[in-house]
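Enquirer: Before anything else, here's the structure in question.
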Amino acid sequence: MIRFPLEGLAARAARLVSHFTLIKPDAARFGTGPFPTTIMMHGCGDQNGPQAHYARSAATYGVASIIVDSYTPRRITRMQAATLVCTGLKLWGRERAGDAFAALDWARRQNWVDSKRLSLAGWSHGGWTIMDALALGPAIGKHAALNDLMEDPLAGVTSVFLVYPWSGLGAHTPSRGWIKPVRAFMALAQRDAVVGTALPLRALQVAAQSGAVVDSMIYPDATHSFDEESSINPTSKFHPDHAAHAIASYGQWIAGG
């Protein structure tokens, strides 16, 4: 496991870009862009989680996706992810937010991306990452080892989609709110033993007080990672019906941003 040195956005993006997964709308139906585009941040357990399913749902509505793998460039194995990242010993949300900002900066330079219609989507640790990015903005630089963050690193971001995001120890949204009044949706699980529902909903309430337009849904009888077939968390159980609903709903919701 390696830690990135102090570097600029372009250098960070260069470390990440070969590990991006790009999913674009069908050219025969939607043309070649520019498309509204979402930066997707995986959870702490598996960089190959359910994000591709959500991205394909978004593509049917004309939205492109950039799935960011924060682990492979850092040589983080799945075992290290489970024992170090998921436990909060390494790579907190504010540090990983640098990956989201670098991906946004890279996206704005692509001719197939509509730089005025950008969004962020995050699962668990990825949701924490996105909320810290919204809470700290340019101040994230010192935490994320970035030395050239633009004045508005969230330029063009109009909406965020958060799935069972970590909102407890180390999360900045509950105390700071968000610096940008975006449209936000949060999907939670009623039986989530990892993040619960109370703290994420409290964070969403604080974001609303900062001007965000928020909405949420709690899936009954669902656990953390209910949409992730590969989860190894013993408290999590894949729920195919809830997963299918969340994925289908996501495409329609994200396209509305």
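Enquirer: Please build a GNM for the chain, connecting alpha carbons under 10 Å apart, and tell me which residue among THR77, THR197, THR38 fluctuates the most.
Expert: Per the Cα network of the chain with a 10 Å cutoff, THR77 tops the list.
Enquirer: Here's another thing I want to ask about it. Beyond 31 Å between alpha-carbons counts as too far, so tell me which of LYS116/LYS142; LYS142/LYS237; LYS90/LYS237 fall in that bin. Please list the in-between numbers first.
Expert: Values: LYS116/LYS142 27 Å; LYS142/LYS237 37 Å; LYS90/LYS237 25 Å.
Distance filter (> 31 Å) returns LYS142/LYS237.
Enquirer: Under a plain spin-label model, where a point goes 7 Å from the Cα along Cα-to-Cβ, how far apart in nm are ARG29 and TYR61?
Expert: 1.3
Enquirer: Hey, what does the equivalent ellipsoid look like for the range 193-240, semi-axes from the Cα gyration tensor as sqrt of 5 times each eigenvalue, largest first, whole Å?
Expert: They are 26, 11, 9 Å, listed from largest to smallest.
Enquirer: I need the Kirkwood Rh of the range 16-81: take the reciprocal of the average 1/r across all distinct C-alpha pairs and report it in angstrom.
Expert: 12.6
Enquirer: With unit charges on the beta carbon (Lys/Arg positive, Asp/Glu negative), name the residue among ALA55, THR32, LEU6 whose Cα is farthest towards the positive pole of the charge dipole of the range 1-101.
Expert: LEU6
Enquirer: State the label only: which of (1) 14.2; (2) 11.9; (3) 13.2 corresponds to mean projected area of the Cα convex hull in nm² computed from the shown model?
Expert: Matching the structure shown: (2).
Enquirer: Quick check: convex hull over the Cα atoms of the range 139-257, volume per residue in Å³, rounded to an integer?
Expert: That works out to 127 Å³ per residue.
Enquirer: Right, here's the next one. With only Lys, Arg, Asp and Glu charged, each at its Cβ (+1 for the first two, -1 for the last two), find how big the charge dipole of the chain is about the Cα centre; round to the nearest 20 debye. Can you show the working numbers first?
Expert: Values: 23 positive and 19 negative charges, 86 e Å.
For the chain, the charge dipole is close to 420 debye.
Enquirer: Using a Gaussian network for the chain with springs between C-alpha atoms less than 10 Å apart, which of these wobbles most: SER124, SER159, SER230?
Expert: With Cα springs under 10 Å in the chain, the top fluctuation among SER124, SER159, SER230 is at SER230.
Enquirer: Give the peptides 60-70, 2-12, 129-139 in descending order of average Cβ contacts within 10 Å, highest first.
Expert: Packing proxy ranking, top to bottom: 129-139, 60-70, 2-12.
Enquirer: Choose one of THR158, LEU136, PHE185: the residue whose Cα lies farthest towards the positive end of the charge dipole of the range 127-243 (beta-carbon charges +1 Lys, Arg; -1 Asp, Glu; about the Cα centre).
Expert: Going by the Cα projections, it comes out as LEU136.
Enquirer: Additional query: Of the residues LEU169, LEU149, LEU104, which exhibits the maximal mean-square fluctuation in a Gaussian network model of the chain defined by a 10 Å Cα contact cut-off?
Expert: Residue with maximal mean-square fluctuation among LEU169, LEU149, LEU104: LEU169.
Enquirer: Now a separate question. Starting from the Cα of ARG108, step 7 Å along the direction of its Cβ; do the same at LEU6; then give the gap between the two resulting points in nm.
Expert: With each label placed 7 Å out from Cα toward Cβ, I get 2.3 nm.
Enquirer: Normalised by the number of residues in the range 171-257, what is the relative contact order in percent for Cα pairs under 8 Å and 6+ residues apart?
Expert: 29
Enquirer: Between LEU22 and ILE218, how many nm apart are label points set 7 Å from Cα along the C-beta direction?
Expert: That separation, rounded to one decimal, is 4.1 nm.
Enquirer: Where does the range 67-180 land on Rg/Rh, using Cα atoms and the Kirkwood Rh?
Expert: That ratio is 0.95, to two decimals.
Enquirer: Can you tell me the relative contact order of the range 77-147? Whole percent, Cα pairs under 8 Å, sequence separation 6 or more. Before the final figure, lay out each step's value.
Expert: On the way: 51 pairs, mean separation 30.1, N = 71.
Reported as a whole number, the value is 42 percent.
Enquirer: Please state the Cα pair-distance histogram of the range 70-113 with 5 angstrom bins from zero: what percent is in each bin?
Expert: Final binned percentages: 5, 20, 23, 19, 13, 10, 7, 3.
Enquirer: Hey, can you rank 211-218, 177-184 by average C-beta count inside 10 Å, highest first?
Expert: 177-184, 211-218
Enquirer: Given a 1.4 Å probe and the protein chains all in place, what does the accessible area of HIS143 round to, in Å² to the nearest 10?
Expert: 50
The values are calculated or read from the model by the stated rules, or taken from the named source; none is laboratory data. Given the structure is predicted, the values throughout are model-derived calculations rather than measurements. Glycine also receives a Cβ, built like all others from the backbone with ideal geometry; neighbour counts cover every protein chain displayed. All accessible areas refer to the heavy atoms of the entire protein, side chains included, with ligands and DNA or RNA removed. Shrake-Rupley method; radii C 1.70, N 1.55, O 1.52, S 1.80 Å.
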